[in-house]
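Undergrad: Pasting a structure below so you can have a look.
The values are calculated or read from the model by the stated rules, or taken from the named source; none is laboratory data. Everything numeric in this text was worked out from a predicted model, so none of it was measured. Note that we place each Cβ from the backbone using ideal geometry, even for glycine, and neighbour counts take in every protein chain shown.
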Amino acid sequence: MKKIGIIDYGMGNLHSVKNALDFIGADSFVSDDVNELSQADGLILPGVGAFPDAMARLSETGLDKFIREYVKTKPLIGICLGMQLLFDKSYEFRECEGLGLIGGEVVKIEETGLKVPHMGWNELSVVNPSPITSTLKTGDQVYFVHSYKAIVKDRADLVAVTDYGSEVTAIVARGNVYGCQFHPEKSETVGLNILRNFWSLIQ
């Protein structure tokens, strides 16, 4: 039976993600053990907090190297900070290297008169098709909480965006690597459908 592993590196919204997966009938487990996680058919990289702290935790545990190898053959989706960690680098507090799985960088949301952090429901605009957004349509709303945004190097990696005074990357995909800036586990039917799609693409 296929399983999703939820990566525990001490900075994730683990229980809400696990509860959402339970709700949609996806078999999952939470672990910080590379050997256990390697047995999963797909992984979720959650994350709440600061980018440099998260990368330090991943590096200390060897999870960074493990993730880079894992996605060569199996799918992974990053959520919120977990999505940002997929990129080359971030400028949150200081310049910090990321996992380098998607080209681009993470920068502070511009001052446009709107409140930062970007917190609450916002509409998605689909840019490119992806297996995890097969049920998604432009105008669907999801729940965001973030002060930094990802800028993709190659727009072919961009699946969906939202507008918050400027374009904000909402969903990315490259090969086996997927990412959502918003919280699908808090985004009601739309978010649960994205998790269902991820579950469906796992072999």
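Undergrad: Only one of (1) surrounded by fewer than 22 Cβ atoms within 10 Å (Cβ to Cβ); (2) in a strand (DSSP E or B) is not met by residue 43, so which one is it?
TA: Single failed check for residue 43: (1).
Undergrad: Being closer than 13 Å to residue 121 by Cα, aliphatic (A, V, I, L, M) and buried (at least 23 other Cβ atoms within 10 Å of the Cβ) is the filter here, so list the residues in segment 169-203 that pass it.
TA: Selection gives 170 alone.
Undergrad: Does segment 48-59 include one or more residues that are under 22 Å from residue 173 (Cα atoms), touching a residue at least 12 places away in the same chain (Cβ under 8 Å), of a type in the set (Val, Ile, Thr) and crowded, with 20+ Cβ neighbours inside 10 Å?
TA: No, that holds for no residue.
Undergrad: Give the number of residues within segment 36-89 that are touching a helix residue (DSSP H, G or I) at 6+ places or on another chain (Cβ under 9 Å) and among the acidic types (Asp, Glu).
TA: Looking only at that region, the number is 1.
Undergrad: Please give the number of the condition residue 14 fails out of (1) modelled with pLDDT of 95 or more; (2) in contact with a strand residue (DSSP E or B) (Cβ under 7 Å, 6 or more places away or on another chain).
TA: Here residue 14 meets the rest and fails (1).
Undergrad: Further, regarding this structure: Is there a residue in segment 113-131 that is out of contact with any Ser or Thr (no Cβ under 7 Å at 6 or more places or on another chain) and either acidic (Asp, Glu) or closer than 15 Å to residue 47 by Cβ (or both)?
TA: no
Undergrad: Inside segment 125-145, can you point out the residues that are over 13 Å from residue 201 (Cβ atoms) and of a type in the set (A, V, I, L, M)?
TA: 126, 127, 136, 142, 145 - these are the residues of segment 125-145 that are over 13 Å from residue 201 (Cβ atoms) and of a type in the set (A, V, I, L, M).
Undergrad: Also, quick follow-up: Restricting to segment 10-40, count the residues that are closer than 14 Å to residue 77 by Cβ and either touching a Pro at 6+ places or on another chain (Cβ under 6 Å) or part of a loop (DSSP other than H, G, I, E, B) (or both).
TA: 6
Undergrad: Identify, please: which residue in segment 88-110 is touching a residue at least 24 places away in the same chain (Cβ under 8 Å) and acidic (Asp, Glu) and is, among those, nearest to residue 158 (Cα to Cα)?
TA: Per the criteria, the residue is 105.
Undergrad: Now, a different point. Suppose we keep only residues that are of a type in the set (Lys, Arg) and touching a strand residue (DSSP E or B) at 6+ places or on another chain (Cβ under 9 Å) within segment 124-155. Which one would you say is surrounded by the most Cβ atoms within 10 Å (Cβ to Cβ)?
TA: Filtering first and then ranking leaves 149.
Undergrad: Here's a follow-up. Looking at 142, 116, 161, 152, can you tell me which residue is more than 15 Å from the chain's Cα centre (by Cα) and of a type in the set (Val, Ile, Thr)?
TA: 116
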